[in-house]
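Since the structure comes first, as structure tokens, the remarks are kept for the end.
The values are calculated or read from the model by the stated rules, or taken from the named source; none is laboratory data. Just so we're clear, the structure is a prediction, and the values are computed from it rather than from any experiment. Glycine also receives a Cβ, built like all others from the backbone with ideal geometry; neighbour counts cover every protein chain displayed. Calculation scope for accessible area: heavy atoms of the full protein, side chains included, ligands and nucleic acids excluded. Shrake-Rupley method; radii C 1.70, N 1.55, O 1.52, S 1.80 Å.
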Amino acid sequence: MDRRTPHLAETLGHPAPHASAPGKLPGTTSNNGRLQPTDQTSGRSRDASQDRRRFMLLSCSAMLSAVISTTGCNLFSQNKEDRNLAMMKASEIKELPAQVGQAVAARGLEPIKVTGVGLVDSLPGSGGAPDPSILRDALLDDMNRSDVSNPNHLLEKTTNALVQVHAYIPAGAKRGDRVDVYCKAPSSSNTENLHGGWLLDSRLRVEAMVGGRLSGGDVMAISTGQLTTRGAIENSTELDTRTQARILRGATVQQDREIGLWLRPDFQNVSSSIAVSKVINERFFFFDGSTRRGVAEPVNDDFLRLELHPRYDNAIGRYIAVINSIILNPGEISGQERLEMLAEDMKQASTASKAALQLEAIGDSGIPVLLDVLANEQNPELRFYAAESLAYLNRKEAIPVLEQSIISEPAFRHSALLALQGVRHPEVITTLERLFHQSSLEARYGAFHVLRKRSDSMALLAPSRIDGVALYYNLESDASPAVVISTHERQEIVVFGEVALDLTSPVRGPSGLIVKPSLQNSKQISLARFQVGKRDRRVSMPATLQGLAQGVASIGGDYGDVISLIKELKNQGHILAQVAIDPLPESMRTYYREQSSE
């Protein structure tokens with residue numbers, strides 16, 4: 001999951017579209033005993049009697065607790081009639097509500113911030129000896145635990161710097177996932193610039209101040225890697241931009257993050273816990289060989305542990321919204337009557353978003369209603385809601401509608417791209433490739449972003465690897481040429497169309513870098529790097545952006561150097577194409593029903 005993590009509010013309803021990050025793609029059938037997920041509603045559910053036996057002891061304990069909490073210690077001093085009345089009151093189980101969301105509250109959906117203190121080395125004399133502080137003490141403690149010899153001497157070197165480190169671990173993250181890391185040299189570190197530095201292994205925890213010292217729990221992530229300063233990204237020389245940096249995918253998650261559902265107080269009993277898990281598992285389950293396993297596991301009478309279904313791996317908020325919409329207690333409404341009611345709701349913009357979620361929660365039986373909307377409705381908002389739910393139900397009919405939403409309505413663009421990511425159909429690849437030719441750069445780059453996360457698209461994208469710097473993509477596009485630089489998740493440069501590098505005069509970059517036109521060959525550029533105490537390095541490369549990046553790498557430059565040079569070349573008019581940083585579609589845009597929302 002090196003993933004960008006959405007807030008739950010982004011996905012619980014419309015018109016605000018939904019958000020997410022990278023993930024696995026689902027299968028639909030079993031294959032030689034390998035785990036294959038599915039979300040069909042057919043098949044027999046787990047035997048409820050087995051679940052009840054599993055929780056028999058817990059049930060007895062819960063009942064006794066309920067009796068005592070209801071009656072107090074006077075239960076045993078009451079007469080027989082009073083005791084019977086008290087027992088009857090305590091044993092009453094409240095009738096379950098209509099939908100799962102009325103009985104539960106989700107847990108573990110927010111990203112958690114983990115922090116630590118680290119040491120950056122390999123700086124060209126721009127570090128400094130940190131002043132005495134809590135941070136210095138914490139770093140020394142960590143270095144001593146790691147058996148680092150003479151740690152105080154290391155802190156005094158100007159090639160090193162003390163930094164505060166933090167990262168955000170998204171909901172549902174698994175051990176081994178990679179996330180971005182952020183570093184900052186505090187004023188007490190006496191550091192001038194983090195450019196060119198490398199963060200040594202740093203342990204990140206959920207920390208707090210205890211007795212005037214930093215204290216934390218278990219290690220949640222370990223971070224390390226090459227720094228890219230904020231100054232390089234923003235092409236700024238201000239001190240605060242030079243002492244802040246990030247490492248893309250620089251932290252490795254050490255512990256799984258659990259997501260689950262708390263039962264609300266009125267429903268905290270074994271019977272309700274089993275009932276909720278039963279309806280969830282009828283809708284979402286896996287096949288492990290020939291064994292069916294649901295995504296919800298009752299841990300006790302007030303909590304259910306949830307596994308994330310792969311189709312929602314990048315949209316946990318929507319996953320919870322769909323689970324909340326599952327029917328728990330149908331009452332006197334039959335399934336057919338409910339479908340007819342939802343079909344009517346799908347005709348009104350004010351109710352269509354909620355109705356689509358409920359149809360998605362129903363599963364296969366809700367598909368005909370959603371398809372009918374696509375066939376008979378012309379309202380783009382209603383068509384989008386229906387197509388979005390159909391995409392999460394893995395129906396290819398959603399693809400052209402979502403494509404049109406991406407092109408014509410920016411408010412739906414983020415959610416439409418997210419929904420397409422999990423559709424297992426070859427038509428998705430050709431659809432996303434067509435989006436490369438759209439005038440909107442965020443539609444183009446958003447389509448690339450989805451394709452890059454799919455395992456079936458690498459032959460189409462065919463990146464070139466520039467060792468130690470970035471992945472370089474050159475994609476065909478009929479739209480105006482553009483260069484996109486990523487500062488989240490991956491070090492990558494994406495070029496749409498043919499971008500010319502018209503270098504007519506020397507340009508200076510950071511850390512002694514100079515690029516200038518070649519005097520011998522007009523189709524080449526010359527790059528050089530001059531640093532104190534190091535030998536001069538020079539190289540000639542093709543006069544292209546890819547040649548520029550490869551040349552920087554060959555003379556010891558890094559990703560930050562490439563970003564700085566590209567932005568400076570653009571500022572001086574040597575690159576005529578648009579240059580953009582992370583132009584991904586925004587979530588939570590407002591859709592105006594009377595006019596476009598760009």
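Kindly establish whether residue 179 is open to solvent by 20 Å² or more (accessible area, probe 1.4 Å), under 24 Å from residue 317 (Cα atoms), among the hydrophobic types (A, V, I, L, M, F, W, C) and in the same structural domain as residue 145 (by the TED database). So residue 179 does not fit the description; no. Determine if segment 130-150 includes at least one residue that is of a type outside the set (Gly, Ala, Ser), touching a residue at least 24 places away in the same chain (Cβ under 8 Å) and within 30 Å of residue 512 (Cα to Cα). The answer is yes, given that some residue of segment 130-150 is of a type outside the set (Gly, Ala, Ser), touching a residue at least 24 places away in the same chain (Cβ under 8 Å) and within 30 Å of residue 512 (Cα to Cα). Residues in segment 261-284 that are part of a strand (DSSP E or B) and in contact with an Asp or Glu (Cβ under 9 Å, 6 or more places away or on another chain): 262, 263.
In segment 516-537, the residues that are in a loop (DSSP other than H, G, I, E, B) reach residues that are small (Gly, Ala, Ser) and open to solvent by less than 40 Å² (accessible area, probe 1.4 Å) with C-beta atoms within less than 6 angstrom, at least six apart or across chains, in these pairs: 518/526; 523/543; 530/512; 531/512.
Exactly one residue out of 406, 362, 399 is crowded, with 18+ Cβ neighbours inside 10 Å, at pLDDT 95 or above and closer than 16 Å to residue 445 by Cα, and it is 406.
Listed here are the residues, each with its yes/no results for (1) surrounded by fewer than 19 Cβ atoms within 10 Å (Cβ to Cβ); (2) charged (D, E, K, R); (3) at pLDDT 95 or above.
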{"site": "119", "(1), (2), (3)": "no, no, yes"}
{"site": "124", "(1), (2), (3)": "yes, no, no"}
{"site": "127", "(1), (2), (3)": "no, no, yes"}
{"site": "131", "(1), (2), (3)": "yes, yes, yes"}
{"site": "138", "(1), (2), (3)": "no, no, no"}
{"site": "141", "(1), (2), (3)": "yes, yes, no"}
{"site": "146", "(1), (2), (3)": "yes, no, no"}
{"site": "149", "(1), (2), (3)": "yes, no, no"}
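The lone criterion from (1) out of contact with any Leu (no Cβ under 8 Å at 6 or more places or on another chain); (2) outside any helix (DSSP H, G or I); (3) at pLDDT 95 or above left unmet by residue 245 is number (1).
This table checks each residue for (1) under 16 Å from residue 226 (Cβ atoms); (2) touching a Lys or Arg at 6+ places or on another chain (Cβ under 8 Å); (3) of a type outside the set (Val, Ile, Thr).
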| residue | (1), (2), (3) |
| --- | --- |
| 463 | no, no, yes |
| 471 | yes, yes, yes |
| 474 | no, no, yes |
| 482 | no, yes, yes |
| 503 | no, yes, yes |
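Among the residues of segment 263-282, is any touching a residue at least 24 places away in the same chain (Cβ under 8 Å), of a type in the set (Lys, Arg) and closer than 30 Å to residue 452 by Cβ? So far as segment 263-282 goes, no, none of its residues is touching a residue at least 24 places away in the same chain (Cβ under 8 Å), of a type in the set (Lys, Arg) and closer than 30 Å to residue 452 by Cβ.
Would you check which residues across segment 538-584 are buried (at least 16 other Cβ atoms within 10 Å of the Cβ) and among the basic types (Lys, Arg) and list them? Result: 567, 570. Based on what the data block shows, is residue 231 farther than 17 Å from residue 118 by Cβ, assigned to a strand (DSSP E or B) and small (Gly, Ala, Ser)? No: the conditions fail for residue 231. Name the residue that is nearest to residue 188 (Cα to Cα), counting only residues in segment 236-256 that are among the hydrophobic types (A, V, I, L, M, F, W, C) and over 15 Å from the mean Cα position of the chain (by Cα). Ranking the qualifying residues of segment 236-256, first place goes to 239. If the condition is being open to solvent by 10 Å² or more (accessible area, probe 1.4 Å), under 30 Å from residue 309 (Cα atoms) and not in a loop (DSSP other than H, G, I, E, B), then segment 151-176 contributes 166, 168. Determine whether residue 269 is surrounded by fewer than 20 Cβ atoms within 10 Å (Cβ to Cβ) and more than 27 Å from the chain's Cα centre (by Cα). Spelling it out, it is not the case that residue 269 is surrounded by fewer than 20 Cβ atoms within 10 Å (Cβ to Cβ) and more than 27 Å from the chain's Cα centre (by Cα). Looking only at segment 202-221, residues that are modelled with pLDDT of 75 or more, open to solvent by 50 Å² or more (accessible area, probe 1.4 Å) and not in a strand (DSSP E or B) come to 2 in all. Comparison of 293, 338, 257 shows that the only residue that is without any contact (Cβ under 8 Å) to a residue 60 or more places away in the chain, under 21 Å from residue 104 (Cβ atoms), open to solvent by 20 Å² or more (accessible area, probe 1.4 Å) and not in a strand (DSSP E or B) is 338.
Taking the conditions (1) within 28 Å of residue 551 (Cα to Cα); (2) at pLDDT 95 or above; (3) open to solvent by less than 10 Å² (accessible area, probe 1.4 Å); (4) among the hydrophobic types (A, V, I, L, M, F, W, C) in turn, residue 432 satisfies each one other than (1).
Applying the condition of being in a loop (DSSP other than H, G, I, E, B) and small (Gly, Ala, Ser) to segment 543-591 and asking which residue is nearest to residue 232 (Cα to Cα) yields 557. Return yes or no: is residue 459 over 18 Å from residue 570 (Cβ atoms), aliphatic (A, V, I, L, M) and either touching a residue at least 60 places away in the same chain (Cβ under 8 Å) or crowded, with 18+ Cβ neighbours inside 10 Å (or both)? Spelling it out, it is not the case that residue 459 is over 18 Å from residue 570 (Cβ atoms), aliphatic (A, V, I, L, M) and either touching a residue at least 60 places away in the same chain (Cβ under 8 Å) or crowded, with 18+ Cβ neighbours inside 10 Å (or both).
Out of 304, 308, one residue alone is among the aliphatic types (A, V, I, L, M), under 30 Å from residue 177 (Cβ atoms), open to solvent by less than 10 Å² (accessible area, probe 1.4 Å) and not in a helix (DSSP H, G or I). It is 304. Within segment 488-511, the residues that satisfy the criterion of being closer than 19 Å to residue 571 by Cα, open to solvent by less than 60 Å² (accessible area, probe 1.4 Å) and assigned to a loop (DSSP other than H, G, I, E, B) are 499, 503, 505, 509, 510, 511.
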